[in-house]
Structure formats: C-alpha cells, structure tokens
Amino acid sequence: MQRILLVVAVLLLVWRVLAAIGKRLVTRVPGADSFSRYAPEARRRRRQWSGRANGQLEELVECAVCGTFVPAGRALDGADGRSFCSRDCRERAAGGAADAGR
Ligand SMILES: [Zn+2]
C-alpha cells in the first residue's frame with residue numbers, strides 16, 4: 001500500500017514539473033495567436049517601431065504645385081517660402097510657363 005502511495009506521489013511530482021515546463025514553452029514558442037496584430041509581442045514591436053520612427057508627430061505640408069501632403073521634414077522649401085513635395089514640383093513652380101510649353 002505504501003508503495004502505491006509513493007508511486008502516486010512521484011507521478012504527481014513529475015506531472016507538476018512537466019506542467020510547469022509546458023506552460024513556459026507555451027509562453028515562449030510562437031503560436032497562431034502570436035501572429036495576430038493584438039499579440040503582446042507584436043504590440044510591443046509596433047510601439048517600439050513607431051516610437052523610433054517619430055517620437056513627435058511630424059507636420060504635413062501641402063505641395064504648392066500638385067497638392068500632395070508630405071512630411072515637413074521631407075518637403076522642399078521654395079525661394080518664396082512655399083513647400084513642394086519634390087524637386088520636380090519646385091522646378092515646375094519656378095519655371096512656370098517656360099516649362100509648360102515643353
Ligand atoms: Zn508636388
């Protein structure tokens with residue numbers, strides 16, 4: 001009888017250990033849920049990425065020629081203080097009618 005109790009106790013111990021290991025594996029190994037955009041890992045990565053991209057929101061400025069909104073950091077400033085999305089647009093504004101006839 002004592003032997004049976006011992007075996008049961010050992011089995012219980014082994015089961016507890018395996019359960020603990022299994023639980024740790026479940027939290028480490030990526031499952032189907034890890035690829036969800038709401039998974040903790042994905043959320044953390046996204047927050048990290050967006051924080052690195054721009055800690056402060058960058059202002060958008062409108063191109064004086066084509067009307068495209070571009071981040072202020074990427075916009076090109078014209079001679080007259082206007083902003084342009086590209087060199088092409090700036091040249092078009094500067095060249096004006098001269099380029100239009102091309
Ligand atoms: Zn433009």
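Overview of results
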{"item": "Stretch gain in nm, segment residue 3-residue 37, where the contour uses 0.36 nm per residue and the Cα spacing is subtracted", "result": "7.0 nm"}
{"item": "Order by protection proxy (mean Cβ within 10 Å, highest first), peptides 79-92, 34-47", "result": "79-92, 34-47"}
{"item": "Rough spin-label spacing in nm, given labels placed 7 Å along Cα→Cβ, for residue 47 and residue 20", "result": "3.0"}
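No lab work stands behind these numbers, since they all come straight from the coordinates. Fair warning: this is a prediction, and the values are worked out from it, not measured in the lab. All Cβ positions, glycine included, derive from the backbone under ideal geometry; neighbour counts span all protein chains shown.
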